[in-house]
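A short worksheet on the structure shown next.
The values are calculated or read from the model by the stated rules, or taken from the named source; none is laboratory data. Since we're looking at a predicted model, the values are computed, not measured. Note that each Cβ is placed from the backbone with ideal geometry, even for glycine, and that neighbours are counted across all protein chains shown.
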Amino acid sequence: MSTHPKPGTLTSAHDVTASRTGRPPYPPEIADKVIERLAAGETLVAICRDTDMPSTTTVQRWRDENPSFRAAFAQARHDQMDVWGDECVAIADDGTTDYITKVGRNGVEYEAVDQEHIQRSRLRVDTRLRLMAVIAPHAYGPKVEHDHTGVVAVQHELSDKERARRMALFLTENRGMTIEGELADVEPRSLHGNLPPVASDGESEDNIEA
């Protein structure tokens, strides 16, 4: 059912404007055909290619100047996307021409996969899907999930110098704090790592080892 003005319902103001600009008056009967064919899945270029149809520029002007035609055109576009979706399924399911008959060198016929046809079918589906996602993104566009928890996690990689600075700051601010937990036996180490202790004056190395 068309939602734009029916034949004979044009306002006189529109007719006067069309006559002043030199443009032909808006013909609802032709507009009905454009809308019906567009909703049936035809492209606007294919419709306007017929000799009894207006040019694409004229149809676009009707859409810009006439609110009722603009609304009907938008609905027809939505219906067109549904048709294209059905066409994608039909093209993908149709495997009748996926194989062709070839003749081998020995003169014997055999069935071979028609890669060219398969690639063409894939292109037809992909082209429709991409246009559908652009024209009707709410119905056929990619689904985007939004997280509304309000928590944002940001990770920063700290250098060894920055990590040491933060540890020193923590120890300074929490001096005298008791840390609960089990103590483990730790072998005493010098400030220089695992180097053996240096003997003081008056001590021999044998006394240290003992």
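Rundown of residues vs (1) within 16 Å of P28 (Cα to Cα); (2) aromatic (F, W, Y); (3) over 27 Å from the mean Cα position of the chain (by Cα), yes/no style:
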| site | (1), (2), (3) |
| --- | --- |
| R61 | yes, no, yes |
| D64 | yes, no, yes |
| F69 | yes, yes, yes |
| R77 | no, no, no |
| D82 | no, no, no |
| G85 | no, no, no |
| T96 | no, no, yes |
| Y99 | no, yes, yes |
| R105 | no, no, yes |
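Just one of the numbered conditions (1) closer than 30 Å to V125 by Cβ; (2) in a helix (DSSP H, G or I); (3) out of contact with any helix residue (DSSP H, G or I) (no Cβ under 6 Å at 6 or more places or on another chain) is not true of T58: (1). For the range 109-127, which residues satisfy the criterion of being β-branched (V, I, T) and exposed (fewer than 11 other Cβ atoms within 10 Å of the Cβ)? Passing the criteria: only V113. Restricting attention to the range 63-95, the residues being in contact (Cβ under 8 Å) with a residue 24 or more places away in the chain and either among the β-branched types (V, I, T) or closer than 12 Å to L38 by Cβ (or both) number 13. Against the conditions (1) touching a helix residue (DSSP H, G or I) at 6+ places or on another chain (Cβ under 8 Å); (2) under 26 Å from Y140 (Cβ atoms); (3) at pLDDT below 95, Q119 satisfies every one except (1). Exactly one condition in (1) farther than 18 Å from L131 by Cα; (2) in contact with a Ser or Thr (Cβ under 9 Å, 6 or more places away or on another chain); (3) not charged (D, E, K, R) is not met by T57; state its number. Result: T57 passes all but (2).
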